[in-house]
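Have a look at the structure below, then the notes.
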Amino acid sequence: MNRPEPDVRRVVVVHGYDAAPDQHWFPWLRDRLTAEGVRTDVVELPEPSFPEAGAWLAAVARAVGEPDRHTHLVGHSLGCVTLLRHLAGLPRPWELGGLVLVAGFTGPLGSVPLLDGFLAEDVDVSAVRAHARRRLVLRSDDDPTVPAAATEALAERLGAPVRVVPGAGHFCGSDGVTRLPAVLDALVPRGGPGAAARAETGGPLSP
């Protein structure tokens, strides 16, 4: 039996390495969700060009707080790793409405050796798989930073569907990605408030 669509009341977005809340597709998503009546926060992480895992985790913990069935989280790139670490460390039981990971991965990247220390410790995603009601992973077909295999492997571990966005690179403004309709439609599916004003591609999260 299909679960009913979630009542999305709060979304927290976590950016990645060398990024900021006012870059890429984050302002667009925040504005669109706000127009749908969803309270949306884009976390500003410390020292984004020289990230320290503990400091990032503390910032995400403060922003997310205690998740619930009305909360959805969105991560991009290194922000995905930090979100997963936060959720994996929460005392059980807990529940999360949904999780959208864009260009997600967990292990070291040959393309960014600066992050080897940050990524030295893997993440146990079993609790995330068990307690996040809906999960979705997005990847591009031409990402120069995160190999497709790394994102596919994460999705498999999470038991999450994968959607491929053609030609999106690493989902950065420099790739021409300043909006990301697939994420918006995953959070506020077609047929919800304001859907008639959207003629975007994408789809809802799968349970």
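The values are calculated or read from the model by the stated rules, or taken from the named source; none is laboratory data. Nothing here was measured: the structure is a model prediction, and the numbers come from that model. A quick note on method: Cβ atoms are made from the backbone with ideal geometry, for glycine too, and the neighbour counts reach across all protein chains shown. Note: accessible area is taken over every heavy atom of the protein model, side chains too, but ligands, DNA and RNA are not part of it. Shrake-Rupley method; radii C 1.70, N 1.55, O 1.52, S 1.80 Å.
Which of the peptides 144-151, 174-181 is most tightly packed, and how do the rest follow, judged by the mean count of other Cβ atoms within 10 Å per residue?
Details: 144-151: 17.4, 174-181: 15.8.
My ranking of the peptides, most packed first, is 144-151, 174-181.
Sort 31-41, 69-79 by packing, meaning the average of other beta carbons within 10 Å per residue, with the highest value first.
Details: 31-41: 16.3, 69-79: 25.3.
Most protected by this proxy first, the peptides run 69-79, 31-41.
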Item to complete: Would you mind calculating the relative contact order of the range 1-63 from Cα pairs under 8 angstrom and at least 6 residues apart, reporting the percent as a whole number?
Response: 38
Discussion item. I need two numbers for the chain: Rg to one decimal and Dmax as a whole number, Cα atoms only, in Å.
Written reply: 15.5, 46
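Would you calculate, for the chain, the mean residue ellipticity at 222 nm contributed by helices, counting each DSSP H stretch of 4 or more residues as -39,500 (n - 2.57) and dividing by all residues, to the nearest 500?
Details: 6 runs with 57 residues, N = 207.
Calculated at 222 nm, the ellipticity per residue is -8000 deg cm²/dmol.
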Practice prompt. Using a 1.4 angstrom probe on heavy atoms only, work out the carbon and sulfur share of the accessible area of the range 1-109 in %.
Written response: 50
Worksheet, complete the sentence: Mean 1/r over distinct Cα pairs of the range 85-168, inverted to a Kirkwood Rh in Å, yields 13.5
Worksheet, complete the sentence: HN-Hα couplings for the range 12-28 via Karplus (6.51, -1.76, 1.60; θ = phi - 60°), in whole Hz with x for Gly/Pro, come out as 10, 10, 10, 6, x, 4, 6, 10, 7, x, 9, 10, 6, 9, 5, x, 4
Worksheet, complete the sentence: For the range 34-141, Rg(Cα) over 2.2 N^0.38 Å is 1.06
Fill in: Other-chain or far-sequence residues with amide H under 5 Å of residue 163's (modelled H)
137, 138, 139
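Is the range 1-88 best put as rounded, prolate or oblate by its Cα gyration tensor, with a ≥ b ≥ c the root eigenvalues, rounded for a/c under 1.5, and otherwise prolate when a/b is larger than b/c, oblate when not?
oblate
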Item to complete: Take the Cβ-Cβ distance between residue 39 and residue 116 as r, set R0 to 25 Å, and report the resulting FRET efficiency rounded to the nearest 0.05.
Response: 0.10
